[in-house]
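I have placed the structure first, in the form of structure tokens, so that the comments after it can refer back to it.
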Amino acid sequence: MAPTATMPDGVGVAHLPNQRHKIVSKRGAKFTLMVCGESGTGKSTFVNTLFTTSIKDPKQLAKRHAKQVDKTVEIEITKAELEEKNFKVKLTIIDTPGFGDYVNNRDSWMPIVEFLDDQHESYMAQEQQPTRAGIIDLRVHACLYFIRPNGHTLKPLDIEIMRRLGTRVNLIPVIAKADTLTPNDMAKFKRNILDVIEAQNIRVYSCPIESEDESITTNNKDIMSALPFSVIGSTEDVVTADNRKVKGRQYSWGCAEVENENHCDFKKLRTLLVRSHMHDLISTTEEIHYENYRQIQMETRKFGEAKSKKYENPKHKEQEEKLRLAFTEQVKKEENRFRQWEAQLVTERDRLNKDLEEQHAKIKAMETELENVYQMQGRSMRR
Ligand code: GDP
């Protein structure tokens, strides 16, 4: 699916040309965003809210947990082209449905981490080719990790994957469904999360704060102080008590507004992603994360040597086993068919040989008979 969406004013991609590197504006930008976290935390809704358009299809909630047999996390890629005031962003959204869905979620982070490494690997391989035109680049510029709003702290699974993500991408922790926590509980939850992030040495994205322009410095500080960003996702229009039409969620007690800074940090996160720091996210991916990967690989691998696969998707393994069995079965069937055919041929050959022998014997008998007739005729002539 590759929808093209015209973004409403104020979303911000048009402000990208104001960023440090004007060159980006001429070419447009290619931005790859990964959303990660347990399913049902509102990732798809958030993506559609962020780009005020239906980029991702809604998931079927009833089917969410019905895949226990498959037991695997999938990587889902959606592409979209966004345009605002002639400024284009080629957007790629990477979703990871299935993560955290299963009874045993051990190792469910592996396909995600492997996907991130594979993108660096693929870029590195393409970079080593003589012609670089048409390079396919799916390196992830920002990874939003959605934390379920349980009001306590991070779960072991969150910690396990966040530690691994942080060393590979610009990791941005996000608290989903902010409307389900009171402001006090949210503040406590954020503190607990930050404590765990520090204690567990989880690397999260931090934008450059200082700038010559004081208002930018203040803005950067303001954005970073909100980490982990609380968000409300909704593409629905609701009407507030003071009669404003806004994007939000309607409750009997009132509205949870997506863009209200007293309700959540959606606006700050959107500013960071598509307005003030898109360029920084792109360049740090290249300069820090890709460089890190490249250096480690250069140190541990010989030139041209293929990357060793640490992880094999259990679903692929299962499919491979199924194919192998089907293939062996087919070969056995063909062998049997061939043997039967061979046996038929032998029987037919024996029958024909026997026939031939009989015919031969008949001819011999007729020859002898004929000879006898000649001999009898000769004798009577002589007399
Ligand atoms: P995903 O599996 O992480 O992509 O989650 P979805 O975007 O499909 O959302 C799962 C459910 O949560 C849907 O019913 C959404 O309407 C709901 N949802 C999404 N965002 C929010 C939010 O900010 N607040 C609340 N209360 N519900 C939300």
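The values are calculated or read from the model by the stated rules, or taken from the named source; none is laboratory data. This one's a predicted model, so the numbers in the text were calculated from it and none came from an experiment. A quick note on method: Cβ atoms are made from the backbone with ideal geometry, for glycine too, and the neighbour counts reach across all protein chains shown.
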Let me spell it out: the conditions are (1) out of contact with any Phe, Trp or Tyr (no Cβ under 6 Å at 6 or more places or on another chain); (2) modelled with pLDDT under 80, and Lys71 meets all of them except one. Which number is the exception?
(1)
Considering residues that are away from the ligand (no atom under 16 Å from the Cβ) and farther than 22 Å from Pro149 by Cα, the number found within segment 207-244 is 22
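So which of Ser276, Ser215, Ser252 ends up being among the small types (Gly, Ala, Ser) and within 30 Å of Arg164 (Cα to Cα)?
Answer to the check: Ser276.
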List the number of the failed condition for Ile136; all other conditions in (1) among the β-branched types (Val, Ile, Thr); (2) within 21 Å of Asp95 (Cβ to Cβ); (3) touching a residue at least 60 places away in the same chain (Cβ under 8 Å) hold.
(3)
In the list Ala133, Ala125, which residue meets the criterion of being in a helix (DSSP H, G or I) and not basic (Lys, Arg)?
Ala125
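Can you tell me how many residues within segment 140-165 are surrounded by fewer than 21 Cβ atoms within 10 Å (Cβ to Cβ) and under 19 Å from Thr32 (Cβ atoms)?
1
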Single residue of Asn170, Asn192 found to be crowded, with 16+ Cβ neighbours inside 10 Å, modelled with pLDDT of 90 or more and closer than 23 Å to Ala226 by Cα:
Asn170
Residue check, Tyr123 under 26 Å from Ser283 (Cβ atoms), more than 15 Å from the ligand (Cβ to nearest atom) and not polar (S, T, N, Q)
yes
Enumeration of residues in segment 139-157 that are over 18 Å from the mean Cα position of the chain (by Cα), more than 14 Å from the ligand (Cβ to nearest atom) and outside any loop (DSSP other than H, G, I, E, B):
Pro156, Leu157
Here is a list of conditions, (1) more than 15 Å from the ligand (Cβ to nearest atom); (2) buried (at least 21 other Cβ atoms within 10 Å of the Cβ), and Ala176 meets all of them except one; can you say which number that is?
(1)
Out of (1) at pLDDT below 90; (2) touching a helix residue (DSSP H, G or I) at 6+ places or on another chain (Cβ under 7 Å); (3) over 26 Å from Ile147 (Cβ atoms), the one Glu312 does not meet is (2)
Kindly evaluate Leu181 against the criterion of being more than 16 Å from the ligand (Cβ to nearest atom) and crowded, with 17+ Cβ neighbours inside 10 Å.
no
